[in-house]
Structures are given as structure tokens and as C-alpha cells.
Amino acid sequence: MWFVSADITQPESAVVLTQAVKDGALGLGKIKYQVQCDGPEMKLMYALPADLNVPIQIHFGDVPQASGNRVFNGGFKRFHAMLKAFPKTKFIARADTFWASVRGAPPTRIPACTGNALPGRH
């Protein structure tokens, strides 16, 4: 399976990603940038895969990451509004903030895949 990513903070990213899908990419991602999950860059990224009929994989890291003490696609508590705003987009979520929310745990530096998912979570 081939997914494609580009620097979404750059204006040409939508063109690059669109061309990659036309060339055979099956989805967008992993999208992991120092932006807010409901910021303008990500809103463009949510609209694009819906138009191209491919999924988007997003790394949600609301707490500092080991790879440089940074936050990636922050503001996960507001992401539900993006799900409502982009109902045709196929989302694939990953990383510690997402998995913590599925488990019902606070998003802290905890291993990404321990414990069971709780029913009724994101």
C-alpha cells in the first residue's frame, strides 16, 4: 500500500499530493506537522482526500514527542468539529493522543498501544 505525504505548510502541497494520487497513491499520510488539527493547513488536507476519494492518516500528538519535544496536529479535543465539517473524508487516526482518547486516558507520555479501547470513545 502506498500513501503519500508532503509538507502541508507549503502552498504547493495540494498539487503534489493530488498528482501522487493520480499516479497511484492510495491515500494521504502520515500527516505529522507542527500545526493545529483545526488550522487552515489541515482543513485543506481534510477536503483534499474527500475530493480524491482516498483516506488520510493523521498523527495526533498533543503532548511533546520524543522526536524533538514537539506537538504535532495539536488540539485533538477540537477534532470532533472537523469530523462534522468534513463528513466525506475517510480519517485514519494514530499516535499517543488518539490512542489515549480511545482508552479514556489523559494524553500524556504513555505507550501508544497498551490497554483496551473503551466503548463509545472517538
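The values are calculated or read from the model by the stated rules, or taken from the named source; none is laboratory data. This one's a predicted model, so the numbers in the text were calculated from it and none came from an experiment. Cβ sites come from the backbone with ideal geometry, for glycine too, and all protein chains shown count toward neighbours.
All of (1) surrounded by 20 or more Cβ atoms within 10 Å (Cβ to Cβ); (2) at positive phi hold for Tyr46 with one exception: (2).
Determine if segment 33-41 includes at least one residue that is aliphatic (A, V, I, L, M) and either at pLDDT 95 or above or in a helix (DSSP H, G or I) (or both). No; the residues of segment 33-41 include none that is aliphatic (A, V, I, L, M) and either at pLDDT 95 or above or in a helix (DSSP H, G or I) (or both).
Checked against the criterion of being at pLDDT 85 or above and assigned to a helix (DSSP H, G or I), the candidates Ala25, Ala81 yield just one match: Ala81.
Looking at segment 60-78, can you tell me whether even one residue there is farther than 23 Å from Trp99 by Cα and in contact with a strand residue (DSSP E or B) (Cβ under 8 Å, 6 or more places away or on another chain)? No, every residue in segment 60-78 fails to be farther than 23 Å from Trp99 by Cα and in contact with a strand residue (DSSP E or B) (Cβ under 8 Å, 6 or more places away or on another chain). Can you pull out the residues in segment 60-78 that are part of a strand (DSSP E or B) and over 12 Å from the mean Cα position of the chain (by Cα)? The answer is none; no residue qualifies. For segment 49-94, the set of residues classified as among the small types (Gly, Ala, Ser), over 23 Å from Leu26 (Cα atoms) and crowded, with 18+ Cβ neighbours inside 10 Å consists of Gly61, Gly74, Gly75, listed by residue number. Contact annotation: residue pairs with Cβ atoms under 6 Å, 6 or more positions apart or on different chains, pairing a residue in segment 19-42 that is without any contact (Cβ under 8 Å) to a residue 40 or more places away in the chain and more than 18 Å from His80 (Cβ to Cβ) with a partner that is surrounded by fewer than 20 Cβ atoms within 10 Å (Cβ to Cβ) and aromatic (Phe, Trp, Tyr), are Ala25/Trp2; Leu26/Trp2.
In summary, Gln57 fulfils each of the numbered conditions (1) farther than 17 Å from Ala85 by Cβ; (2) assigned to a strand (DSSP E or B); (3) free of Cβ contacts under 8 Å to residues at least 40 places away in the same chain with the single exception of condition (3).
What number of residues within segment 84-116 satisfy the criterion of being within 20 Å of Ala50 (Cα to Cα), of a type in the set (A, V, I, L, M) and at pLDDT below 90? Total satisfying the criteria: 1. Of all residue pairs spaced 6 or more apart or on separate chains, those with beta-carbon atoms under 7 Å, a first member in segment 1-13 that is surrounded by 11 or more Cβ atoms within 10 Å (Cβ to Cβ) and a second member that is of a type in the set (Val, Ile, Thr) and outside any loop (DSSP other than H, G, I, E, B) are Ser5/Ile31; Ala6/Val16; Ile8/Ile31.
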